[in-house]
Amino acid sequence: MKNILPHKIALFALVLLCAAGTAHSAGVDMKEGEWEITSETSITMGAMSMPPMTSKTTHCLTREDPVPTTEKEKDCKVEDLKVVGNKVSWRIVCKEGEGEGEITYSGTSYKGTFRMKTVEGGETTKKTGKSGKKTPTKKTSEGAEDGETMTMNMKLSGRYLGPCPKGQKSGPTGETAKQMAGYQAMAESAQAQAKQQQAEHEARQRKAEAFLNKTVVPADEPGACEQDGFEWTEECEQKAGKLNLQDGEYEITIEEGSRIGPNSFLSEVKKSSASLGENAPVPRELLAGQPIGKVKRGKQKITWKVMAEGMESKGGVSYRGTSFEGVVTMKSYASNGIEQVQVKKVSGRRIGDAKYPVGRHYSPKRKDEKTGIIPDNPVKSIKKLFKF
């Protein structure tokens, strides 16, 4: 069974106090003063159940305060309080549930029952209009129509102990007062923590969305030469000019973001290095191997598009001599139709001479004698890039 959250524990404690105090109206055969309240509680959630638990609390009961509730507790209130002879019935309505109970007084004692249902992460029913009809409000924290229902059944009994502590008219007494203060603190702490976590989540979402929205693939360069692969070709150099990239070793910074349905995420920024030059102008961190289709190579930019196995990917790099900035995006759809978008931004700056051959006379199609690297299969490269 799921753990009972602190705010739920506080709610149950409040219910006990409400049950103890609902009968304090004129005409009921009860004695004002300090009472000991005993409750035997059993809880079920779905097909699971907990063994009955017995607890005792003490409370000052007066006719002036028929329903003692915690002033800071905003999520619960007692409604439909009815007194018929020595029998009192009531209904309690909370943010995540509601319940009904009744007790019968006999001077210095009482007996009663209480039953309450709560829905994990949502609301069960609410009272609307003068007719008092209950309208379902099936709403959960995940946006689904139904949450997981928890049912609490209580057997109640009470006995008069004596006068209330000096100076106190109503409310919990002794250890019960301390426990209620603790429950209240737990509930407030849980609410504050949940609020902080929600605020942090929303901040991360905003940051991720900002990255996804502002990080775009460079546009094709006017007059760019269309060719197969990224390698230098004499034809494209004559047509578009020499690529504005100095051969060398580059320090690489990688930023990644993604969106799955309505949720956006950012990965930690990573660092790497790569040897880049005319025949190896695109770092593996941006796109390993050669893409499917044509590449447009200009003097300041290289751009490309890939269509493979239900994915659509676009990429591009802008060069500035000893630095560059590149972006690749991928869009696909899950089996349930949810759109998935991934964006990778790679920027680099030259830090020295290249460690491996990258110049005009080196072809990455051939196995590198030093590294033994053979270019990746294009489709596998795309999958590797986006972690498929």
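The values are calculated or read from the model by the stated rules, or taken from the named source; none is laboratory data. The structure presented is a predicted model; accordingly, all values stated were derived computationally and were not measured. Using ideal geometry, Cβ is built from the backbone for each residue, glycine included, and neighbour counts are taken over all protein chains shown.
Brief remarks on what is shown
Quick grid of which residues meet (1) more than 41 Å from the chain's Cα centre (by Cα); (2) not hydrophobic (A, V, I, L, M, F, W, C):
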site: 76; (1), (2): no, no
site: 80; (1), (2): no, yes
site: 83; (1), (2): yes, no
site: 87; (1), (2): yes, yes
site: 94; (1), (2): no, no
site: 100; (1), (2): no, yes
site: 105; (1), (2): yes, yes
site: 110; (1), (2): yes, yes
site: 114; (1), (2): no, no
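- When residue 168 is tested against (1) part of a loop (DSSP other than H, G, I, E, B); (2) out of contact with any Asp or Glu (no Cβ under 9 Å at 6 or more places or on another chain), only condition (2) is not met.
- Residue count for region 250-280, restricted to those that are among the basic types (Lys, Arg) and either part of a loop (DSSP other than H, G, I, E, B) or in contact (Cβ under 8 Å) with a residue 60 or more places away in the chain (or both): 1
- Qualifying residue in region 101-118 (condition: in a strand (DSSP E or B), among the aliphatic types (A, V, I, L, M) and modelled with pLDDT under 85): no
- Scanning region 208-220 finds one or more residues that are surrounded by fewer than 12 Cβ atoms within 10 Å (Cβ to Cβ) and touching a residue at least 24 places away in the same chain (Cβ under 8 Å).
- Selection from region 312-330 of residues that are over 35 Å from the mean Cα position of the chain (by Cα) and assigned to a strand (DSSP E or B): 318, 319, 321, 323, 324
- Hey, residue 282 surrounded by fewer than 17 Cβ atoms within 10 Å (Cβ to Cβ), of a type in the set (A, V, I, L, M, F, W, C) and either in contact with a Phe, Trp or Tyr (Cβ under 6 Å, 6 or more places away or on another chain) or modelled with pLDDT of 95 or more (or both) or not: no
- Considering (1) surrounded by 15 or more Cβ atoms within 10 Å (Cβ to Cβ); (2) at pLDDT below 85, the lone condition that residue 89 does not fulfil carries the number (2).
- Each residue in region 180-222 was checked for being over 19 Å from residue 269 (Cβ atoms) and assigned to a helix (DSSP H, G or I), and 22 pass.
- Test for residue 261: is it under 21 Å from residue 343 (Cβ atoms), modelled with pLDDT under 95 and under 24 Å from the mean Cα position of the chain (by Cα): yes
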